[in-house]
1. Could the peptides 182-188, 121-127 be put in order, highest first, of the mean number of other beta-carbon atoms found within 10 Å of their residues?
2. Grab the other residues whose beta carbon is less than 9 angstrom from that of Val129, score K and R as +1, D and E as -1, and report the net.
3. Grab every C-alpha pair in the range 102-159, bin the distances at 5 angstrom width from 0 up to the longest one, and report whole percents.
4. Set the Förster distance to 22 Å, then compute FRET efficiency between Asn260 and Lys220 from the Cβ-Cβ distance, nearest 0.05.
5. With an 8 Å cut-off on Cα pairs and a minimum separation of 6 or more residues, tell me the relative contact order of the range 185-264 in percent.
6. Only loop residues by DSSP count here, and only those with at most 16 other Cβ atoms within 10 Å; note down the chymotrypsin sites (Phe, Trp or Tyr not before Pro) in the range 162-264 that meet that.
7. Ignoring trypsin sites (Lys or Arg not before Pro) that are buried or in helix or strand per DSSP, and keeping those with at most 15 other beta carbon atoms within 10 Å, what is the longest stretch of the chain between them?
8. What relative contact order, as a whole-number percentage, does the chain give when Cα pairs under 8 Å and 6 or more residues apart are counted?
Amino acid sequence: MKKYLVIGNPIEHSLSPKLHNYWFEKNNIDANYDRRKIDKNEIQEIINEIKDNKLDGINVTVPFKTDVIPFLDTLSEEAQITQSVNTIYMHDKKLVGHNTDIKGFELSLKDTQFDLNNKSIFILGAGGVVPSIIYALEKLGVSKISVSNRTKEKAKDLKKNFPNIGLVDWGDQAEFDMIINATSLGLSKEDEIGLNFKNMNKEKLFYDVIYNPKETNFLKTGKSLGCQVSNGKMMFIYQAFEAFKLWHKVKPKIDDELKNFLDL
Ligand code: ATR
């Protein structure tokens, strides 16, 4: 039986085991997917389990997506540019780090049918997933990306890798066609972003990376202003879909039965 793992801290909330194990069953794959809460000093030991054939693949979540990089032999271009790895596997006797968050985000945007061409994007947050979001948006041909983060230093660090982004002080607003909440504000139901939006309309999209709760106050605000809204459910499902394809060479089905099963 093949063995897979998602590592992070905290990890209890991760729905990846539920999703991958569901797809194993549906595709008759003899494998098991588990979660493990780890500390940073355990990363090397766990990654070595792949080399020792005790594990077949690892997904990485917050806060280790960059910390795993020194222990890998090679990175995909996406992982290299974003310095963010969420999927690890062996290929040609080498430990490979890849980033499926980018494709996950991209496919989730496709689902919204929002036309990104020449649009202005305003990103709130500068944490683990933001390099992947910027990479995907630049590839999709948006005209301008602005980033605002409470700790400005972290936004400035992002600019080293993505020099074309604009930086906005926390609390200020950039003009946007699409606004993305990539902060952890909203994980608690009462969390508020604290921005006052003016001149909103149905052409604008509010996107929240958070999928639990399904509708954050940020998305409620977007909805009440008549804008389009999307939560992070499909990004989560599609990043797993891409990892599954890589590991098992099978395209798992994404349908209503799956979405009901995940209860997202
Ligand atoms: P990490 O920062 O470890 O990558 P993350 O969950 O990916 O973790 O990112 C959390 C994001 O939410 C960060 O952008 C964080 O801002 P800081 O860089 O200033 O910490 C943001 N965030 C979390 N709590 C916040 C709050 N109360 N107000 C504003 N931003 C907050």
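1. Top of the packing list down: 121-127, 182-188.
2. 0
3. For the range 102-159, the binned pair fractions read 4, 18, 30, 26, 14, 7, 1 percent.
4. 0.45
5. Normalised by residue count, the contact order of the range 185-264 is 26 percent.
6. The qualifying sites are Phe197.
7. So the longest stretch without any such site is 94-149.
8. Working: 490 pairs, mean separation 40.4, N = 264.
Reported as a whole number, the value is 15 percent.
Any read-out appearing in this document is the output of simple, stated calculations on the displayed coordinates, not a laboratory observation. Keep in mind that what you see is a predicted model, and the values were worked out from it rather than measured. We place every Cβ from the backbone using ideal geometry, glycine too, and count neighbours over all the protein chains shown.
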